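Notes follow the structure.
Since every read-out is calculated from the coordinates, none of them should be taken as a lab result. Since the structure is predicted, the reported quantities are computational estimates derived from the model, not experimental observations. Cβ placement follows ideal geometry from the backbone for every residue including glycine, while neighbour counts extend to all protein chains displayed.
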Amino acid sequence: MISARALHYVFKIGNRAKNAHFFRDVLGMQVLRHEEFTQGCDAACNGPYDNRWSKTMIGYGPESSHFVLELTYNYGVKEYALGNDFGGVTIRSTDVIERAKRVNYPMTQEGNQFVLISPDGYKFFVTNEGGLADKSDPVRKVTLNCTDLNRSVQYWHETLQMKQIARNDSSVQLTYHDGGFVLELVQIPGPLDRAKAYGRIAFAVPFELQPKIDERIQQSKNTILTPLISLDTPGKATVRVIILADPDGHEICFVDEEGFSELSQVDPTGDGQLDKYIKKDPFQEV
């Protein structure tokens, strides 16, 4: 049985200043840590780019208890072509709606949800309930699109052993923990295009479980993008990861819980580090 914990979703961004405003001042998230790298990641964490890049972890609380977002920025890349693979992030908070109105950030309404679009075109659905004072995580769900719901359910539910908590003819909701983060898969007509802005979802699992995941994927003849590999972060913990791809090409990272728990400690200087490198960036358009 796979015992996993949802960690984060990876976005590629083209302008850190605009995104800092959106995620901090509009969504009300906090920078948990900021890291700079001089060359591409061995597990393609920043995409197929072998150049200087940065990673900013941002969310409503530490990754030990919250599902957060990873903003990857490749120096010199100002924008990425969007595909139709990503559906959106659902957040439960009245505070976000009030904050967006206060700073005049564009917002539309669909049913009981407000829709905000990030500077790079990613959708965020905000339900007008609860608040950031609520101890539960405001990030409730990430939605990804798929082309064959039955095939996707077989992969995520049977192979990766996520619990199926709701399903209809066109969508399914899955989780590793009742009451926790939900992954929603929605079937769309026609082909799925991941384009250049495609992301990645990450989960933590016990160190000893990673080889078993590797074995399950090989037995099911599914895709392993990066076999088990150790990744170093200078001055921080080393983590081991395995990177998979579901039948539609959605990337999944399973990282070892032990190493990641040490690596993902909140850095109180994160905000200042992000602002520092935004100011120093010769490619940044403010």
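A cut-off under 14 angstrom between Cβ atoms defines the neighbours of Lys101, and their net charge, with Lys, Arg +1 and Asp, Glu -1, is -1.
Note on Lys196: lysines with a C-alpha under 28 Å away, same-chain residues under 8 apart excluded, are Lys12, Lys18, Lys55, Lys78, Lys123, Lys141, Lys221, Lys276, Lys279, Lys280. Sequence-distant contacts, meaning Cα pairs under 8 Å at least 6 residues apart, place the relative contact order of the chain at 22 percent.
Restricting attention to the range 1-109, close to 70% of DSSP beta bridges with both partner residues there are antiparallel.
For the chain, the Kirkwood estimate of the hydrodynamic radius, built from every pair of different alpha carbons, is 19.4 Å.
Cys residues of the chain that find no other Cys beta carbon under 4.7 Å: Cys146, Cys253. Find out how many positive minus negative residues lie around Gln154, taking Lys and Arg as positive, Asp and Glu as negative, among other residues whose Cβ is under 11 Å from that of Gln154. Taking every Cβ under 11 Å from that of Gln154, the sum is -2.
Qualifying GluC sites (Glu not before Pro) in the range 5-94, where qualification requires a DSSP coil assignment and no more than 14 other C-beta atoms within 10 Å, comprise Glu79. Over the range 192-258, the ratio between the Cα radius of gyration and 2.2 N^0.38 Å evaluates to 1.17.
The Cβ shell under 9 Å around Lys12 holds other residues with a net charge of 0, Lys and Arg each +1, Asp and Glu each -1.
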